[in-house]
Amino acid sequence: MKIHYVYAHPEPRSFNGALKDVAMITLAARGHEVRVSNLYATKFKAVLDPQDFRIRVRHDLFNPAQEQIHGVATGSLAPDIQEEIERISWADLLIFQFPLWWTSMPAILKGWFDRVFAQGFVVDIAQGKVYENGLLKGKKGMLVVTCGSPSEMYSPSGIHGDIRRHLSVIEHNILEFAGLSVLPSFLVFGVPSITPERAAQVLKEYEQVLASLPV
């Protein structure tokens, strides 16, 4: 299987870094083809702005959606966006790994979605090509998320609220909106206080999840 792995954590020696390393080893050993976008390492530009469009529809007024549709149609988006679009087009599965910050993804990953999930590429709203008809239909998506708080704080009765509700905004309103079939998320709680024994167990569990993916 062809997998595009989008990784958003600033510290390679973190537990997130260990998760990513396990993923690379496991997926390669299983015979998958993997391409990685390490957003912090490459200093990925997170802000959608007029510089993303090499051939503008209008110069007097900046309409991001209009410019994205035109940029996709003409292949004139900024090179870093074009590269990500090519990786997504190539992939069968997109895996997004990130720490949960303020109940959502880090800003650099949100910027990745803003810029790369361009209208005309992932959806065509005018033609009703969203959700089950989204332009990424036939591909799969998966979230790998680490949390600072323990699991009971992210339970339905927990003080933070159900983690599924937080992630549904990403899974449903972004991934499924674009037509992706969403696989079960891999979640890790209480990372700042994780013991070496628990860390080893979680890494093994993640290895097993990845090893169960169809080749």
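Throughout, read-outs are computed from the coordinates displayed, never taken from laboratory work. Since we're looking at a predicted model, the values are computed, not measured. Cβ atoms come from the backbone with ideal geometry, glycine included; neighbour counts cover every protein chain shown.
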key: All-pairs Cα distance distribution in the chain, expressed in whole percent, bin size 5 Å   = 1, 7, 14, 18, 19, 17, 11, 7, 4, 2, 0, 0
Pairs from 43/204; 45/140; 45/204; 45/139 whose Cα-Cα separation, in the structure shown, is over 28 Å = 43/204; 45/204
key: Gaussian network model of the chain, springs between alpha carbon atoms under 10 Å - residue of 186, 96, 62 with greatest fluctuation   = 62
ask   = What nm value, rounded to one decimal, do you get for the distance between residue 215 and residue 169 when each label is placed 7 Å out toward the C-beta?
value = 4.1
ask   = Nearest 10 degrees, 0 to 90: what angle lies between the long axis of helix 15-29 and the longest principal axis of the chain (Cα atoms)?
value = 80
message = Could you work out the relative contact order of the stretch 2-211? I mean the mean sequence separation of Cα pairs under 8 Å and 6+ apart, divided by the number of residues, in percent.
response = 24
inquiry  = With +1 assigned to the C-beta of every Lys and Arg and -1 to the C-beta of every Asp and Glu, and no other charges, what is the dipole magnitude of the stretch 2-211 about the Cα centre in debye, to the nearest 20?
reply    = 160
note = The rounded separation in angstrom of the Cα centers of the stretch 160-205 and the stretch 87-137 is 17
Distance cut-off 21 Å, percentage of C-alpha pairs in the stretch 65-162 lying past it = 46
